[in-house]
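This report concerns only the one structure given below.
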């Protein structure tokens, strides 16, 4: 059996330790969890800073300017610098130019694309399957519920879209027929929320299984059994912390 | 001065907004080129926006450490984690691997960030389950519908569930692909209508909160 590289063994110990520190929250909020939590924020922010520096400053600004002479890129750099005037109270108003540019551009880009992709395209996808019922050989109707493209499902989707939209339309009083439609909308919404919840739970379970798989793998002798030793250490530390907490009652003043 | 501080930013928003809204309807290479450049510009300006956020985080924790407020040690851990990752990242030019070999930055990502992130989200499974126990009791017809949909989808996503209730896989797919997608579609249409309305309000200067407060 070949020995594992040193960095993998150290990595296994670090990963196991951090995983157990986070899991210690299941017992209760404690200093070990807080330590790992703050380390997580620090490492994540550091990672984002490095990636942004590499992607934006190096690859989008420095390299194109130095290697291709794209001087025009100094304009967005200047706009970006204007944002930093927020830290100079007397010049803070200049940051408005940067925000005005970003917000204006974002709003302009959003209007046609949102109308096209998220409104017209969605309406089209809701209506078009129904039109396919009337073909060259007369009217056909497929009843297969398991096929999302069947005509029965197309009608159910139309019913769902219309009733949910109506439920959120408050310009008409929800009474009589309107009330029935709104109630149907609520029913669809509840099913969707339930499905969304179930899906999220299973996604989290999948992550949990991933972490437990790692812990099982790292309990192997080739890594030095970090899962076993660090579990004992974490439980011992929690025990000591709990004891110290009992000995020092909280200050009520 | 009012023009420079208040009206010029609104004018910039109006002009850029109308220009980039119109760009979509001009199928000319120059128009496409403008969009490509603008996207790059947005990314560059967005990078500077990150500086604003990170500086705020730096400042908040620096104050905590300087004043030695309660929990300042955790702020120190945050600083060490952040500065350490930045140092390692800059040392390896932001690359996680070079020619298939993991760099120190890749090590930080694989053995620190991934386990921390994965476990942080994984423990939510326990809290979601306990929240479900408290809120999912079928007190009304709507809550019962929500509960049944959630249980079917959960059963349908795992082999054990399909083994216990053979139909759960198909019903789960039907709920997700038909009922759920119809609701998502309706919500998407509603949200999009709101987004378009807000964009128009921003471009024509009705909505100005993005400019912030302050004098004039």
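Here, each number is a calculation from the coordinates, and none is a lab measurement. What you see is a predicted model; the values in this text were computed from it and never measured. Note: ideal-geometry Cβ built from the backbone for every residue, glycine included; neighbour counts use all protein chains shown.
Key figures for this structure:
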| read-out | value |
| --- | --- |
| Alpha carbon centroid spacing (whole Å) that separates the range A:66-126 from the range A:156-234 | 33 Å |
| Ranked list, fewest to most other Cβ atoms within 10 Å of each Cβ, for B:20, A:141, B:200 | A:141, B:200, B:20 |
| Fraction of the pair-distance distribution of chain B above 33 Å, Cα-Cα pairs, percent | 55 percent |
| By average C-beta atoms within 10 angstrom, highest first, the peptides A:153-164, B:27-38 | A:153-164, B:27-38 |
| Tensor-based shape of the range A:148-253 (alpha-carbon gyration tensor, a/c under 1.5 rounded, otherwise prolate or oblate) | oblate |
| Gaussian network model of chain A, springs between alpha carbon atoms under 10 Å - residue of A:91, A:182, A:36 with greatest fluctuation | A:91 |
| Label-point separation, residue B:4 to residue B:99 (7 Å along Cα→Cβ), nm | 5.6 nm |
| Two-site FRET efficiency, residue B:83 against residue B:15, from Cβ-Cβ distance with R₀ of 35 Å, rounded to 0.05 | 0.25 |
| For chain A: relative contact order, % (alpha-carbon pairs under 8 angstrom, 6 or more apart) | 22 percent |
| Whole-number D in µm² s⁻¹ for the range B:132-181, Kirkwood Cα-pair radius fed into Stokes-Einstein, 10 °C, 1.306 mPa s | 141 µm²/s |
| Tilt relative to chain A, helix A:151-167 - C-alpha long axis, 0 to 90 degrees, to 10 | 80 degrees |
| Evaluated over the protein assembly as shown, the Cα radius of gyration and Dmax, each in Å | 27.8, 85 |
| Two-site label geometry, residue B:25 and residue A:200: point separation in nm, points 7 Å out along Cα→Cβ | 4.0 nm |
| Computed FRET value (nearest 0.05) for residue A:232 with residue A:26, which takes r as the C-beta separation and R₀ as 22 Å | 0.85 |
| Relative counts (whole %) of C-alpha pair distances in the range B:10-70, using bins that are 5 Å wide | 4, 14, 14, 15, 12, 9, 8, 7, 6, 6, 3, 2, 0 |
| Descending Cα extents along the principal axes, the range A:151-204, whole Å | 41, 27, 14 |
| Helical mean residue ellipticity (222 nm; -39500 (n - 2.57) per DSSP H run of 4+; nearest 500) of the protein assembly as shown | -22500 deg cm²/dmol |
| Descending semi-axes in Å of the range B:90-215, equivalent ellipsoid built from Cα gyration tensor | 37, 33, 17 |
| Descending semi-axes in whole angstrom, ellipsoid equivalent of chain A, from the Cα gyration tensor | 48, 36, 25 |
| In degrees, nearest ten, helix A:121-131 long axis to first principal axis of chain A (Cα) | 50 degrees |
| Rounded FRET efficiency, nearest 0.05, which uses the C-beta distance separating residue B:130 from residue B:164 and R0 of 30 Å | 0.85 |
| Candidates A:172, A:216, A:22: whichever shows maximal mean-square fluctuation once chain A is modelled as a Gaussian network with Cα springs under 10 Å | A:172 |
| Shielding score for B:171-179, defined as the mean number of other chain Cβ atoms within 10 Å | 6 |
| Label point distance in nm, residue B:173-residue A:177, each placed 7 Å from Cα along Cα→Cβ | 3.7 nm |
| Mean separation of Cα contacts under 8 Å, 6 or more apart, over the residue count of chain B: relative contact order % | 17 percent |
| Most mobile listed residue (A:121, A:28, A:90) in chain A, GNM with C-alpha springs under 10 Å | A:90 |
| C-alpha center-to-center spacing [the range B:168-216, the range B:78-151] in angstrom | 26 Å |
| Computed lengthening from residue A:216 to residue A:3, 0.36 nm per intervening residue step minus Cα-Cα distance | 74.8 nm |
| Between helix A:31-52 and chain A: long-axis angle, C-alpha atoms, 0 to 90°, nearest 10 | 60 degrees |
| Scaled radius of gyration (Cα, divided by 2.2 N^0.38 Å) that the range A:1-114 gives | 1.68 |
